[in-house]
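Here the structure is laid out as structure tokens; the discussion comes afterwards.
Read the figures in this text as sums done on the coordinates, not as results from a lab. In this text the structure is predicted, and so the values were computed from the model without any measurement. Every residue, glycine as well, gets a Cβ built from its backbone with ideal geometry; the counts of neighbours run over all protein chains shown.
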Amino acid sequence: MKVSAESYFVIFGDSAVIDNKSEKTLSRIGRKPIPLPDGVQVEVLYGGVKVTGPKGTVEQKYHPDVVVNVEGGQVIVERQSPNKFHHSLHGLTRSLIANAVIGVSEGYTRTLEIMGVGYRVAGAGDGILLNVGFSHPVEIHPSEGVTMDVEGTNRVHVRGIDKQKVGQLAAQVRRVRPPNAYKEKGIKYSDEILHFKPGKAAARKA
């Protein structure tokens, strides 16, 4: 039987020598370079980066134990040691910076749909006015750096360069009236797949 050297360890006295643990596999996401599109610049600061592009500027903070360098039109994220803490920061930091690069070059959009008879949405200044079955309309205004556009009476587009802010505002709108699994009413993401239930009345008829 062939024994792999990578899985071999020797116990001698009270200590154990494990050869394969010192060079643990790097984070698959963290080791990927981040290519910079045309017109995008990244300035490395202490504990953060400043990403500037055609659509604006985003400042993204990260843990100071992570090393970030800009080389040859790419952003390289490295960790200082193979310990578990630095390993967990590696892929996270790379993802956050990559999201900022996409945001200033392409932007982010989250679309929501309003379902239900009599349910509708209308613009209200820089925000929206939701009529979704309450005794009063619900008014929501975006935070700085995020815009809200109304399409027709049942679609809302949330746009911005900060992925976290766009996702947070979209979740806030959806939370006003989450989709109902029985009545097919509520607010859902445009790409959200819902599984509706027939209800007790339909079960009795069957």
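Observations, loosely collected:
- Label-point gap, in nm, between GLU71 and GLU59 - each point 7 angstrom along Cα→Cβ: 2.8
- In terms of packing, defined here as the mean over residues of other Cβ atoms within 10 angstrom, the peptides 181-188, 121-128 line up highest first as 181-188, 121-128.
- Radius of gyration and maximum dimension Dmax of segment 122-162, Cα, Å: 10.7, 35
- Shape annotation for segment 108-191: C-alpha extents along the principal axes are 35, 26, 19 Å, from largest to smallest.
- Taking segment 18-124 as the region of interest, the number of lysine pairs whose Cα atoms are within less than 29 Å, with members eight or more places apart or on different chains, is 12.
- Radius of gyration, Dmax [segment 25-105; alpha carbons; angstrom]: 12.0, 38
- When peptides 28-38, 153-163, 131-141 are sorted by average Cβ neighbour count within 10 Å, with the highest value leading, the order is 153-163, 28-38, 131-141.
- Protection proxy ranking for 101-114, 57-70, using the average of other Cβ atoms within 10 Å per residue and placing the highest first: 101-114, 57-70.
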